[in-house]
Each structure stands twice: as structure tokens, then as C-alpha cells.
Amino acid sequence: MTTTEPGPAAVLKEIPRVAGHAQVRDDGRLVTVRVPAAQLEAVAHLLAATADARLADVFAAEDGAGAEAGTAPGSVMLRLVWGLDANQRYLVVESVIENERYPSLSDIAPAAFAEECEIYEQFGIRPDTHKPLNRVMLPPQAGPDFPRLGHPPAQPPADVHAPHVVGGHAFEFPVGPVRQLGAESLYYGLVTSGEEVVDLYLFTWHKHRGVEWRLRGRDARDALFLVERMEGLSAVANGWAFASAAESALGIQPARPAVWARAIALELERLYNHAAALAALCQTTGLSVGQSAAEIALERFLRVNAAVFGHRYLFGAVDVGSPGRMPDLGRLRGDLPGAYGELCRAADALLRTNSFVDRLEATGILSAEQARRLGLVGPVARASGVTIDSRADHPAAPYGKSRATAVTRAEGDVLARLQVMLGEAAESVRLIGELARAADAGGSLADLVPGGNPRGAGLGWAESSRGESLAWVAFGDDGLITRARLRPAAVRNWRGFDDACRSQNVFTDIPIIEASFWLTVAGTAR
Amino acid sequence: MPAWFLRGLRRGVVTTRYPDRPDPSAADLPTPPRFRAGQLTAGVAGRLVEVCPSRALWREDDVLVFDAGACTGCGRCERAAPEAVTASGEFELAVTARDHLIKRIPLPRQPRP
């Protein structure tokens, strides 16, 4: 994707000119533009060519029983979420698709391909090209009666398989879906000529639970309970994104204590996840002493979580409009330095161990261009030199006051990802100290967005330990959800995993690369 | 280690108590519910069955059945009926048969119409 002027601010003025009859609604941090389907391609081209505009998500909703106002029965509303990071805004481009084809978005922004496949499985509409669409979400046994958000596709999507013998010497080596050490179900189709990774295909549908389908018809609080549990290791980030979307849709302003509590919980979540990633890196490089040291730090972080918020994985720390649980700041101040000290001791020792560092250096390299093209987020993108952090780019209270600094590296390898995580852990401890002091003093939250009128639909976001987590939710007149879209960071970053594995790596590098991504299958096979 | 070995030989006991000492972090953990039978009415039991997300609670006529093996300790039942449910504080469960995890709590009989 080439980027040219104009920048994000100018492009908002340019869209109505390109689209002709665009309806623009500006809600401050979120701009919604509805464009005719015939102009969708031109608008997507304009945005893809805009500096600092990135396609963050694509999803659809079917009219059904009047869920989407202004659409004809049977039509599908397509939504493209763009991050205008330099402008601190998100842009949602909506378009009503009234037949089974829409302009191919992945030809304009390659990051949209996985979503095009998902929309085909769920709604039966497809991009207007002859490219085959892969099976990404629903299992092969999903027949016409399988619960879907829309209607089934005319033809089943293609399973991604290399021929068992590729080019005479290479062959496909199946790995999973049941894998060692209790990792989540995931199946790799690993194409190899013996030792080197020629290609790698991911099959992520084994764990599909239909969470978005299950959220329909629930109220916000009931839905939050499921959202927190969808990807347990990002309960706070996904919960915050969803609660924030629901608050925006319902016109609720979160209580001030809720805002402090969420941010403290989010940083604690980042700390334990980064400690867990370090332990996983030690395990995959065969360093059992280092693994034990990192797991001691991890256990201490989990105990801090339990002491401060009453749950080791911070479930219940976020609620819609009000604080779920208030943190015990005394225990936080007393217990956190010791836990972080354990992490620093383990990390310092490991970074002085040549056999560890040599294994990480130049392994699983992703360039900045790859990270941008695939729309990657979080430490994976930052380790490749892409400075993207929704705490800084789209600061929701209290991050406007307590400014997070994005940690970046340029190398893009496993070592760079570890260094980014360790830098972020230090930044999280600093932020927690700042947030706790401000919470004690009852500091002002001048950037707290007023609740305003109910808008019926809203977008929420939070920076999880894996990167930007997005949620979009729409409510009916009865206050129940008509469509909820959840886009955890894992959805974006798994699509960079196969590229990282292909970059001059051998079999034994794959678990190391996977540990450095520290993703969950639950986050993508939702 | 040698002292532990000799003590084991002398007493004939080679294991230690579990837990060796109380774990203070246990007090911070969410735990399965404990029911106050006296406060459980048919209406309260119905509410509890409705809020349980993992179907660890169900009714069998005038009995509320609780399956501790299906409980995730989410705390929804405590919040739905605080007068009848409290946290048990027991976060470790060990039984010799699956059925032993299932508790049956009789509810007060409904007066005949």
C-alpha cells in the first residue's frame, strides 16, 4: 500500500466529495460515514492511500428483523473501521450491500482478506473477484442450519491445504489441533522440504464458540460477562472495549472510579501476560531454570491481581458504567514492586545468557512493511518499528492524563518483541504508580467524554497486552443487543504469524516465534 | 533433607500435611457458593438457576441441586441472592467419586393450594 497526502483530517473532508451522497456523523472520537455501495471502492482507495489511516476491522450485519435501520430486508450492512491515528479518531465507513457481491477490499487493503472470508461464511456475500475464499471461522461440518449471524453461503469456502507433495520435494506436515503442554487447539499445515519452513497454513476454526451470535438479545451487562470470558487472558482489555462501546451506544458516562480502576487493571493484565510470554520463550528454548524464574514472577503477578481485584485473571474488574470491583491500592503498592522485581531478575539473567539471546536474534523476522500491510498491532507491530498504541493514539480517560509511551524496536525479530514487552512492563509499573496516586488524590479527569444522548450503536477500544482490542455494539429499542462485533488483537496478529515463520526459519523456531507473539486461539476463534 | 528422611523412617509417614500451612492468597480468590438452607425459597432457587452461566444449579422438584464440579466461581449467585448465598472460601476440591461433588439442598415445601 502506498501512502500519499492528504492526511487523516483532510480525508474526512474529501470523502463526501468522492462519495457524492455520503452521510457524515461526527461524534468527536468517532466519525461515521454512510456511502452508497457504488462509491465504496473509491472511498476505500482514498483511505488506503492516506498517510496514517489504517484499516482496523471489517464486519457486517444483516437486516433480519429491522436490526439495521434504513436497510432493505435481506440486505447486509458492511462496516469498515479505520484508525486515523494521527487525528486521534476512528472512522466507520458504512455501506448497504443489496446483492451478493461487494468491491474487493483486500485488493485495496490486503489486511481485509481474513474478514472477507469471515463475512462470506457468516453472511454469504463475497468480494467481487475470482479469488478463492478460505475457511477461517466456521468448522467444515457447519451445514445450512448452523447458527450464523446472517445466511449461509451458496458454496462452502475452500479449506486451505497445500498438496501433500509440493514441487517434488516439499510436503505438508500436520501439527495439531491437539498440541503439547495444554496449549489451545490449533492446527498448522506446515509445508517443508525437510527442515526449513517453506510455508505454513493456520486452521483456527476448531475452537469456534459463536460468541458474537450468543451476544444477540442480551443486555449490556449480561453480554459483558461473556465478553470477559471469551479470551480469558485479555478479560480486562476486551471487557473495557465492549463496556466503552456499550456506554457510548447507551449514552452512559462511566463513573470516575471506574475509569481509574479499569486502567490499573489493564496495566496489571499487561504485566502478567508479558511475564507469561517470557516463561513461554524460556520453555521453547529449553531453559527450564529461566522458565521457573519467569513463572515465579508470573505467579506473583497473578497473586497481586487476586489481592487487588479479587480475581487472578481480573474477571469482574470492568462493568458497564460503574467500577466492577474497586482496587485495593494498599495491597497494590505493597505487593507489586516485589513481583516486578522477580520479572526484572529473570529478564536480566536471561538477556545475559548467550544461548538464549542467540536463539531469539534474527528469528521470525517481520518487516515494518509486512506489519503495516497485514494490519498488525501491539508488541508485534511495535517490534517491527510501527509505532501504534491506542493508549497514545486514541487516549480514552485516564490515558489522556497519564500518557503512555509506546516502546518500539526496529529489528522485527523475536528478541525485539521480547525487548518491547520488557520495556512495556516497566512502563506499566510507572503508569500504575501514576494512576494509583491520581486515584488517591481524586484527580480530575478533564478528558472524560460526557455521556451524551443514546446513539444506538458505539465503538469502544482498549490496548490489550497483545495490541488494540476493538468492540462495536448496536442496541435495539428494547435495550438488547442486535449486533455485537468483537475484534481482539489476536484476530489481527495471527495473520502475521505465518509470514514470520516463513522468513528463513526451521521447525524448532516455530514454537519460539509463537511464544514471542503470545497470542490466544480463543481471541481469534471466537 | 536427611532429617526429613530419618523422620519418615522413624514415624513410618512419608507425606506431609496438605497444605503445609495456610496460603494467605487463598482469601483473595473467588470460590464456589455456600447456601443458607433456611433462606432458600422456591423463588430464590429459581433466580439462582436462572443466573448460573455454567448450569451448575438446577431444580429437581423441591430440591435445589448444586454441582460443584460445574461451578466456575463467578459469583453471580452471590450477587443475585446475597441473603441466601455466600462465598464458601474453599477453592480446592478433592473427592473420590464424581457424584460426591453434587449437593442436594431441600427447599421448603410449597403449601398445597
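Computed from the coordinates by the stated procedures, all read-outs in this text should not be read as laboratory data. Nothing here was measured: the structure is a model prediction, and the numbers come from that model. Here Cβ is always computed from backbone atoms with ideal geometry, including for glycine, and neighbour counts include all displayed protein chains.
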Between A:Ala441 and A:Asp27, with labels modelled 7 Å along Cα→Cβ, what's the label distance in nm to one decimal, could you check? 3.3 nm
How much mean residue ellipticity at 222 nm does chain A get from its helices, if each DSSP H run of length 4 or more adds -39500 (n - 2.57) and you divide by all residues, to the nearest 500 deg cm²/dmol? -13000 deg cm²/dmol
Taking each pair of different alpha-carbon atoms in the stretch A:348-403 once, compute 1/r for the pair, average those values, and report the inverse of that mean as the Kirkwood hydrodynamic radius in Å to one decimal. 13.5 Å
Starting from the Cα of A:Lys13, draw a straight line to each of the aspartates and glutamates and keep only those under 12 Å, dropping any in the same chain fewer than 8 residues away. A:Asp26
What are the ³J(HN,Hα) values, in whole Hz, obtained from phi via the Karplus relation 6.51 cos²θ - 1.76 cosθ + 1.60 with θ = phi - 60°, for each residue of the stretch A:79-92 in sequence order, with x given for Gly and Pro? 10, 10, 9, 10, x, 9, 5, 5, 9, 6, 9, 9, 10, 10
Could you order peptides B:68-78, A:421-431, A:123-133 by the average number of other Cβ atoms within 10 Å of their residues, highest first? A:421-431, B:68-78, A:123-133
Compute the semi-axes of the equivalent ellipsoid of chain A, taking the square root of 5 times each eigenvalue of the Cα gyration tensor, and list them largest first in whole Å. 34, 30, 21
When you count, for each residue, the other Cβ atoms within 10 Å and take the mean per peptide, how do A:369-381, B:15-27, A:251-263, A:184-196 rank with the highest first? A:369-381, A:251-263, A:184-196, B:15-27
Order by neighbour count: A:Ile481, A:Ile512, fewest other Cβ atoms within 10 Å first, most last. A:Ile512, A:Ile481
Mean separation of Cα pairs under 8 Å and 6+ residues apart, divided by the residue count of chain A: what relative contact order is that in percent? 15 percent
Determine which aspartates and glutamates satisfy two conditions relative to A:Lys131: a Cα distance under 12 Å, and not lying fewer than 8 residues away in the same chain. A:Asp107, A:Glu116
Tell me the GluC sites (Glu not before Pro) within the stretch A:261-311 that lie in a loop according to DSSP and have at most 12 other beta-carbon atoms within 10 Å. none
Hey, got the average number of other protein chain Cβ atoms within 10 angstrom for residues in A:308-315? 3
Find the relative contact order for the stretch A:153-270 and round it to a whole percent, using C-alpha pairs within less than 8 Å whose residues are 6+ positions apart. 13 percent
Which of the helices in chain A meet the span-like rule: DSSP H, Cα axial reach of 18 Å or more, Kyte-Doolittle mean at least 0.0? A:235-250, A:256-284, A:288-309, A:329-351, A:414-441
Please enumerate, by chain and number, the aspartates and glutamates with C-alpha under 13 Å from the C-alpha of A:Lys207, excluding those fewer than 8 residues away in the same chain. A:Glu184, A:Glu231
